[in-house]
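What follows draws every value from the coordinates through simple rules; no lab data is involved. Bear in mind the structure is a predicted one, so any value in this text is a computation, not a measurement. Ideal geometry is used to build each Cβ from the backbone, glycine not excepted, and the neighbour counts take in all protein chains shown.
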């Protein structure tokens with residue numbers, strides 16, 4: 001693409017965002033007028049003053065929170081969160097204005113509340129439509145940004161493949177720079193050329209029009225990274241460092257500050273996940289309380305012993321906790337297990353492989369029903385409220401399993417597992433449950449969840465879990 005055409009596209013995109021900035025501010029003022037009109041509130045000079053303040057405060061707040069940055073490749077909810085922050089600042093300013101001049105009585109409270117609650121949603125919808133149009137435009141090969149990747153190792157190749165999988169981001173990789181790669185056969189599947197050594201990046205940026213430079217080098221190459229940052233930041237391209245979090249075996253690291261230091265937290269507390277856990281668990285415990293009582297009575301009538309069973313399982317950071325379940329076995333189950341494994345080599349081999357028995361004679365009559373329907377795990381919602389578990393997550397495992405299968409496979413599965421809380425349900429339960437013969441498949445399912453979890457994934461797993469509870473497939 002010629003520099004002139006690329007410049008025209010970039011300018012056109014910039015004009016779109018400037019227009020959207022003004023349009024949003026006008027839209028906010030229109031919402032105020034519309035709500036005043038729809039509720040038959042008499043228009044007064046106070047509302048005229050408010051329109052002016054609303055336009056100016058929205059203009060500066062939306063600009064300050066960088067609402068019109070490039071959102072290429074970003075998820076929609078991230079933009080919505082920025083809109084909420086920017087609009088929150090506007091509302092805070094207006095409340096301060098009302099307080100300072102003691103004029104809140106001049107405005108309709110209903111209009112103000114409706115304006116406050118609906119505006120961020122309506123602005124997001126307008127941005128959503130714009131982004132949809134831009135995404136379609138980019139999938140047609142228009143409004144494209146050009147990028148180079150410094151580093152043709154696993155991280156750089158993964159970066160290029162990820163960008164190919166999101167054509168709506170409108171970012172085209174021109175090629176790679178690398179010092180160690182001698183032959184281009186490695187890049188042949190990507191159909192991207194090796195443009196030169198890492199030291200050639202500066203010259204290439206001077207001679208070609210490039211929008212992004214992705215540095216995909218290992219952390220130990222800090223001198224090369226520093227040289228690129230020092231020499232190339234004023235050559236028209238945005239420089240972005242792709243942190244090689246894969247060497248730590250985790251995607252979901254969180255950047256935090258400690259004083260003036262920047263740190264990566266590999267055990268982040270995802271606020272949305274904790275909020276969802278508390279709300280969902282509270283609803284289950286409240287709505288299901290009659291069922292809890294009924295099951296407790298049934299357990300007591302079926303066999304002697306406590307209603308609940310506590311077993312030590314591994315939680316985040318590798319600490320153990322008492323995982324709650326409804327008791328499904330006889331009260332002296334541990335003693336019976338020792339005798340069973342000593343007398344039955346086949347049962348012993350099955351236990352050592354799965355840590356459970358398919359035909360366990362210790363299970364009570366009500367216990368079989370509870371296990372088949374997974375109702376024995378309902379008390380774990382108390383563990384969720386205590387912060388020891390999550391509604392959806394990796395399987396709660398014992399310390400021996402962590403040592404033997406997660407640490408013993410030569411990978412970072414143990415670190416991944418201990419990066420977040422175990423779940424009442426998860427991919428292991430809705431995909432194969434106890435039908436899995438190879439324990440390594442269980443480890444891989446846990447790895448997959450830790451690296452790919454999201455609110456949407458959790459909701460899908462919960463829906464499938466309810467289906468599995470009624471079918472009883474794979475449960476014992």
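In nm, what is the difference between 0.36 nm times the number of residues separating residue 121 and residue 106 and their Cα-Cα distance?
Full extension of this stretch gives 2.8 nm more.
For the pair residue 451 and residue 52, how long in nm is the line joining their label points, each one 7 Å along Cα→Cβ?
Each label point is offset 7 Å from its Cα along the Cβ direction, giving 5.9 nm.
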